[in-house]
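The values are calculated or read from the model by the stated rules, or taken from the named source; none is laboratory data. Fair warning: this is a prediction, and the values are worked out from it, not measured in the lab. Every residue, glycine as well, gets a Cβ built from its backbone with ideal geometry; the counts of neighbours run over all protein chains shown. Each accessible area value is taken on the protein alone, full model and side chains, heavy atoms only, with ligands, DNA and RNA left out. Shrake-Rupley method; radii C 1.70, N 1.55, O 1.52, S 1.80 Å.
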Amino acid sequence: MTLIKSISGIRGTIGGTAGEGLSPADVLRFSCAYAQFIAEQTGKERIRIIVGRDARISGTMVNMLVCGALMSMGADVIDLGLSTTPTVELAVVDAKADGGIIITASHNPMQWNALKLLNGRGEFLDNSTAAAFIHVADNPSLVYKEVQKIGTYSTDDKAIARHIDQVLALPLVDTEAIKAAGFKIALDAVNSTGGLAVVPLLKALGVKVVNELYCTPNGIFPHNPEPLPENLQELSQTVIKTKSHAGFAVDPDVDRLAIVDENGEMFGEEYTLVAVADYVLKNQCGNTVSNLSSTSALRDVTTKAGGSYFPSAVGEVNVVEMMKAQNAVIGGEGNGGVIYPELHYGRDALVGIALFLTHLAKSKGSCSRLRQLYPDYYISKNKIEVRSNTDINMILESIQKKYAKQPINTVDGVRIDFDNAWVHLRRSNTEPIIRIYAESDSMTKAEHLAHKLVQDIREVLKIEREK
């Protein structure tokens with residue numbers, strides 16, 4: 001059983017004893033602490049909180065606990081029921097709420113669930129605010145409201161429809177061009193809320209045929225729900241069998257988008273953002289942001305368009321902070337997460353789909369030809385396990401010294417740039433692991449670079465153990 005507290009929220013496996021998984025006791029404790037924290041942050045006697053969930057099996061149970069706990073602290077709850085992460089984020093703003101809780105473990109398997117916490121702007125809590133909340137939750141002095149002051153409960157089943165309308169209203173989304181293209185699209189929604197959101201979006205965009213794969217929101221994931229190539233073989237086969245123009249896959253809470261081309265080949269999770277950014281930049285010159293572990297292709301596309309590219313620390317919160325600081329017109333992460341501030345500051349597969357289909361329609365070509373427009377980079381993702389008491393900072397400092405002649409970024413771990421290549425080393429927030437991501441213009445070069453850094457780390461560890 002696992003319980004993890006981080007800036008990404010509170011997540012854990014369902015079952016087990018309190019404190020060792022996401023038990024009912026833990027759900028209640030963190031929900032009540034969140035309500036008290038938001039009330040203190042806003043200075044309001046009465047707060048309003050939006051709640052939504054993905055379709056995983058434990059969602060109903062956790063939802064009931066969350067809503068009841070919030071009400072016990074005097075919060076008025078608006079329950080969206082089955083929803084998506086970006087839908088909840090938009091709903092917080094639409095309702096002028098003080099915060100929101102999304103009940104989802106994102107791409108994790110079905111035994112996991114989580115509470116993702118939002119502020120009054122519909123954005124994830126930043127690092128300092130999240131740390132302050134965790135301190136409150138770990139040192140509770142909760143005061144529950146008397147019966148006359150408990151919160152109210154109401155539902156809202158129109159939030160997804162409003163989300164779709166807001167996407168359709170964006171100036172760069174061209175439904176006429178998409179309709180004229182006569183697209184046939186295959187969709188794998190992994191039996192979560194993508195079936196409730198992406199299917200109606202595609203139809204509203206004017207997609208001619210939607211070939212649905214696992215679009216029933218029953219929470220029975222037919223495969224590992226993370227939209228990675230090894231998990232999307234059936235989608236690839238469906239694209240070929242149905243002669244679809246492209247295939248889309250979303251994760252359970254619909255904030256990540258993976259694309260398959262008309263030949264059943266992966267477009268590349270790193271290139272979802274690159275393609276969408278290319279389209280946005282063709283219409284609005286500006287800056288872009290992605291994290292330090294994302295492909296250099298976004299930098300290349302941005303520079304070509306006359307903008308400036310800025311890297312951020314890993315994590316959606318950090319990307320958003322950098323986007324605001326640099327007034328970026330588009331940003332996101334290389335896991336298929338598109339953040340388009342014209343709509344909101346959150347990863348959103350729906351806006352990613354709408355912008356991508358507009359780009360594809362206007363390109364007058366195929367999905368595979370569109371991919372060929374962008375430079376080829378390959379990322380090798382590796383990790384090395386270390387002892388729980390290992391001084392990881394010391395290891396990273398040693399690596400930094402060894403490569404001191406190279407351009408180095410230490411915003412998040414150590415990223416070292418080479419000619420047409422880079423390697424990024426960072427500690428895991430949840431495990432005694434150092435992650436090593438390397439990119440180059442061939443997989444062989446990327447893997448060689450990653451292997452070299454793994455050997456460097458092992459050499460540092462060997463020296464320390466011999467002292």
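Within the stretch 1-50, the set of residues being assigned to a loop (DSSP other than H, G, I, E, B), without any contact (Cβ under 8 Å) to a residue 40 or more places away in the chain and buried (at least 17 other Cβ atoms within 10 Å of the Cβ) comprises Ser23 only.
Could you identify the single residue in Phe183, Phe221 that is touching a His at 6+ places or on another chain (Cβ under 6 Å), aromatic (Phe, Trp, Tyr) and farther than 25 Å from Gly100 by Cα?
Values: Phe221 fails: touching a His at 6+ places or on another chain (Cβ under 6 Å).
Exactly one of Phe183, Phe221 is touching a His at 6+ places or on another chain (Cβ under 6 Å), aromatic (Phe, Trp, Tyr) and farther than 25 Å from Gly100 by Cα, namely Phe183.
Listed by position, the helices (runs of 4 or more DSSP H) contained in the stretch 343-417 that have at least 3 residues being farther than 28 Å from Ala258 by Cα and open to solvent by less than 40 Å² (accessible area, probe 1.4 Å) are 392-402. Of the residues making up the stretch 279-286, not a single one is of a type outside the set (Gly, Ala, Ser) and under 19 Å from the mean Cα position of the chain (by Cα). Here Lys116 clears all of (1) within 15 Å of the chain's Cα centre (by Cα); (2) under 19 Å from Ser192 (Cβ atoms); (3) open to solvent by less than 10 Å² (accessible area, probe 1.4 Å); (4) of a type outside the set (Val, Ile, Thr) except the condition numbered (3). If the condition is being at pLDDT 95 or above and closer than 19 Å to Val276 by Cα, then the stretch 207-231 contributes only Val207. At least 2 residues being under 26 Å from Ser72 (Cβ atoms) and not basic (Lys, Arg) is the threshold, and among the strands (runs of 3 or more DSSP E) wholly inside the stretch 83-200 those reaching it are 99-103, 112-118, 153-155.
This table checks each residue for (1) among the aliphatic types (A, V, I, L, M); (2) under 30 Å from Ser244 (Cβ atoms); (3) without any contact (Cβ under 8 Å) to a residue 24 or more places away in the chain.
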{"position": "Asp376", "(1), (2), (3)": "no, yes, no"}
{"position": "Leu425", "(1), (2), (3)": "yes, no, no"}
{"position": "Ile457", "(1), (2), (3)": "yes, no, no"}
{"position": "Ile463", "(1), (2), (3)": "yes, no, yes"}
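Within the bounds of the stretch 89-96, is there any residue that is over 25 Å from Pro200 (Cα atoms) and either free of Cβ contacts under 8 Å to residues at least 24 places away in the same chain or of a type in the set (D, E, K, R) (or both)? Explain how you work it out, then say what you get.
Step one: of the stretch 89-96, the residues over 25 Å from Pro200 (Cα atoms) are 96.
After this cut, where a residue has to be either free of Cβ contacts under 8 Å to residues at least 24 places away in the same chain or of a type in the set (D, E, K, R) (or both) as well, the list is 96.
Among the residues of the stretch 89-96, at least one is over 25 Å from Pro200 (Cα atoms) and either free of Cβ contacts under 8 Å to residues at least 24 places away in the same chain or of a type in the set (D, E, K, R) (or both), which makes the answer yes.
Quick check, is Ser442 open to solvent by less than 40 Å² (accessible area, probe 1.4 Å), more than 25 Å from the chain's Cα centre (by Cα) and small (Gly, Ala, Ser)? Talk me through it step by step, then tell me what you get.
Numbers: open to solvent by less than 40 Å² (accessible area, probe 1.4 Å): yes; more than 25 Å from the chain's Cα centre (by Cα): yes; small (Gly, Ala, Ser): yes.
So Ser442 passes the test.
For the stretch 129-150, filtered to residues that are β-branched (Val, Ile, Thr) and more than 24 Å from Glu89 (Cα to Cα), the residue that is least open to solvent (accessible area, probe 1.4 Å) is Ile150. Here is the figure for the stretch 151-189: residues that are open to solvent by less than 70 Å² (accessible area, probe 1.4 Å) and either within 24 Å of the chain's Cα centre (by Cα) or not polar (S, T, N, Q) (or both) total 25. Restricting attention to the stretch 51-67, the residues that are crowded, with 19+ Cβ neighbours inside 10 Å and either assigned to a strand (DSSP E or B) or free of Cβ contacts under 8 Å to residues at least 24 places away in the same chain (or both) add up to 3.
Of the residues screened, Arg426 is not one that is under 14 Å from Ala313 (Cα atoms) and at pLDDT 95 or above.
Condition check ((1) within 24 Å of Tyr153 (Cα to Cα); (2) modelled with pLDDT under 95) across all residues:
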{"position": "Arg11", "(1), (2)": "no, yes"}
{"position": "Thr17", "(1), (2)": "no, yes"}
{"position": "Ser23", "(1), (2)": "yes, yes"}
{"position": "Cys32", "(1), (2)": "yes, no"}
{"position": "Gln36", "(1), (2)": "yes, no"}
{"position": "Ile47", "(1), (2)": "yes, no"}
{"position": "Ala55", "(1), (2)": "yes, no"}
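Within the stretch 422-433, being in contact with a Lys or Arg (Cβ under 8 Å, 6 or more places away or on another chain) and open to solvent by 20 Å² or more (accessible area, probe 1.4 Å) holds for Arg426, Arg427, Pro432.
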